[in-house]
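Worksheet: one structure, shown below.
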Amino acid sequence: GLNETRRGALARLADARASDAGREADFFIAYEGGIEDDAAGNKVCFAVVCVAHRGDDAFVSEVRSATHSLPPGIVKLLDEGKELGHATDEFFKDRIEKGYGKSTGGTIGALTRGAVDRVEFYAHPTALALAPFVNADIYGLRKNPLCVVPEA
């Protein structure tokens, strides 16, 4: 569900910050996919995107993606203990190549027959999560490399 997915994204964000590359980075971005029941009890997928800037350690911008439904066949494989990417590969084995569910296409790519892939699915929430840093002045954040407001 959402809380578990949020915790996963925040843990990934902390890991990114603590990594060798993270010690030199200005920004940290973490993605975590989740599954939950919608209001009708159907399984749906979503993602949480978290962004932090080294200069504003207390602030984390967190955005939830759009939600998409899962077909009953994938839900059945999840209930059997399969991970979503592997369940996608198995369910769509006649339509996609092995590994597609965990790669660029993802489950959304398989469901939309490539009209939307994993990269596109994450693009909008990523842009929204970066918005506070682009507008640092109105969010009360420190100026950073994304901030487009000239210094006074």
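The values are calculated or read from the model by the stated rules, or taken from the named source; none is laboratory data. Just so we're clear, the structure is a prediction, and the values are computed from it rather than from any experiment. Virtual Cβ from ideal backbone geometry, glycine too; neighbours counted across all protein chains shown. Only protein heavy atoms, including side chains, enter the accessible area calculation; ligands, DNA and RNA are left aside. Shrake-Rupley method; radii C 1.70, N 1.55, O 1.52, S 1.80 Å.
Loop exposure criterion: GluC sites (Glu not before Pro), DSSP state outside H, G, I, E and B, at most 12 other Cβ atoms within 10 Å. Applied to the chain, the longest stretch between such sites is 25-79.
So which trypsin sites (Lys or Arg not before Pro) in the range 34-140 end up in coil per DSSP with only 13 or fewer other C-beta atoms within 10 Å?
On the way: sites: K43, R54, R64, K76, K82, K93, R95, K98, K102, R113, R118; in loops: R54, K82, K93, R95, K98, R113.
Of the trypsin sites (Lys or Arg not before Pro), the ones in loops of the range 34-140 whose Cβ has at most 13 other Cβ atoms within 10 Å are K93, R95, K98, R113.
Go ahead and estimate [θ] at 222 nm for the chain from helices alone: -39,500 (n - 2.57) per DSSP H run with n ≥ 4, summed, over the residue count, rounded to 500.
Calculated from helices alone, the mean residue ellipticity at 222 nm is -11500 deg cm²/dmol.
How high is the relative contact order of the chain? Use alpha-carbon pairs under 8 Å, at least six apart in sequence, and give a whole percent. Before the final figure, lay out each step's value.
Numbers: 238 pairs, mean separation 24.0, N = 152.
About 16 percent, as a whole number.
The apolar share of the surface of the chain, taken as the fraction of accessible area on carbon and sulfur atoms (1.4 Å probe, ligands and nucleic acids excluded), comes to 53 percent. A dipole drawn for the range 2-139 from +1 and -1 charges on Cβ atoms has a positive end, and of T88, F133, T5 the residue lying farthest that way is T88. The Cβ shell under 15 Å around A127 holds other residues with a net charge of -1, Lys and Arg each +1, Asp and Glu each -1.
With a Cα cut-off of under 30 Å and a minimum spacing of 8 residues unless on different chains, the lysine pairs in the chain number 12.
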